[in-house]
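Below is one structure, written out as structure tokens; comments come after it.
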Amino acid sequence: MHIVESIYTTLLEHFGPQNWWPAETPFEVMVGAVLTQNTSWTNVSRVISTLKSENILSPSLLHELPVDVLAEKIRSSGYYNLKAKRLKNLLSLLVEEIEQCGSLNSFFSQDRDVLREKLLQVKGIGPETADSILLYAAEKPIFVIDAYTYRFLLRHGLTGEESSYQEMQELFMDSLPEETALFNEYHALIVRLGKEFCRKSRPLCSECPLRKFEPITLED
DNA sequence: CACCAGGCAAGTA
DNA sequence: TACTTGCATGGT
């Protein structure tokens with residue numbers, strides 16, 4: 001059995017299923033994916049709650065808001081001027097595609113790679129945000145590489161510091177069956193592991209559930 | 001107080 | 001092409 005598979009089994013046994021992404025709807029996933037760029041989730045979830053309580057968490061309603069008003073509403077997620085523009089860019093695509101396809105679901109029913117290209121053309125959506133949307137909102141089988149995943153790979157000597165996004169993504173996708181549920185769970189488990197055992201401020205190993213895979217200490 | 005958090009695009013040489 | 005920089009709030 002490949003180490004990538006063994007590690008998954010170990011993580012799942014240790015933490016159990018994570019039920020990701022923490023959102024009620026695919027659109028909520030998309031908004032969260034933009035807002036959480038280089039930002040802690042606690043700052044983002046506060047904004048999402050506010051948008052929900054104001055009943056404006058929909059593509060058309062958010063799209064109608066002037067960019068400066070939107071910026072104020074998402075202030076506490078940080079980089080709010082930048083993210084307001086990025087959200088607007090995404091919303092423009094969505095409103096157009098929903099008009100075109102009839103619904104968000106039929107937009108999502110397109111081919112994975114076609115959808116990925118459309119998302120990447122939006123200014124403010126890079127590979128990680130696009131893949132998060134594809135996996136957790138559109139439920140397409142694609143592996144998300146984020147800061148936690150990068151640290152995880154480095155720590156276990158599975159990749160080098162200079163590896164590209166695509167290389168790291170292929171590392172998972174070439175050694176696992178192409179299943180949405182598996183990619184979803186695996187990435188969620190890596191984030192859970194990272195939050196508890198692999199943060200920069202807390203580099204410890206003795207309690208790490210993956211210690212039998214001989215992790216390398218981050219600070220050397 | 002300094003450092004960190006589920007990135008990305010634009011600018012520089 | 002290969003670095004560097006701006007963006008910003010809230011938690012530890």
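Brief remarks on what is shown
- Across chain A, the fraction of Cα-Cα pairs farther apart than 30 Å, rounded to a whole number, is 26%.
- In terms of its Cα atoms, the stretch A:24-92 spans 27, 25, 18 Å along the principal axes, sorted from long to short.
- Taking the charge dipole of chain A about its Cα centre, with +1 at Lys and Arg Cβ atoms and -1 at Asp and Glu Cβ atoms, the residue from A:191, A:43, A:152 reaching farthest to the positive side is A:43.
- For the stretch A:1-130, taking the reciprocal of the average inverse distance between every pair of different Cα atoms yields a Kirkwood hydrodynamic radius of 16.1 Å.
- Proportion of all alpha-carbon pairs of the stretch A:1-63 beyond 15 Å (%): 62 percent
- Sequence ranges A:145-157, A:12-24, ranked by mean other-Cβ count within 10 angstrom, highest first: A:145-157, A:12-24
- Magnitude of the charge dipole, chain A, Cβ model with Lys/Arg +1 and Asp/Glu -1, debye to 20: 880 debye
- The stretch A:142-209 shape via C-alpha gyration tensor axes, a/c threshold 1.5: oblate
- Nearest-20 debye value, the stretch A:26-136 charge dipole, Cβ charges on Lys, Arg, Asp, Glu: 400 debye
- Here the stretch A:96-220 yields Rg over Rh of 1.04, to two decimals, using C-alpha coordinates and the Kirkwood radius.
Throughout, read-outs are computed from the coordinates displayed, never taken from laboratory work. Computed from a predicted model, the values in this text were never measured in an experiment. Backbone-built Cβ (ideal geometry, glycine too); neighbour counts: all protein chains shown.
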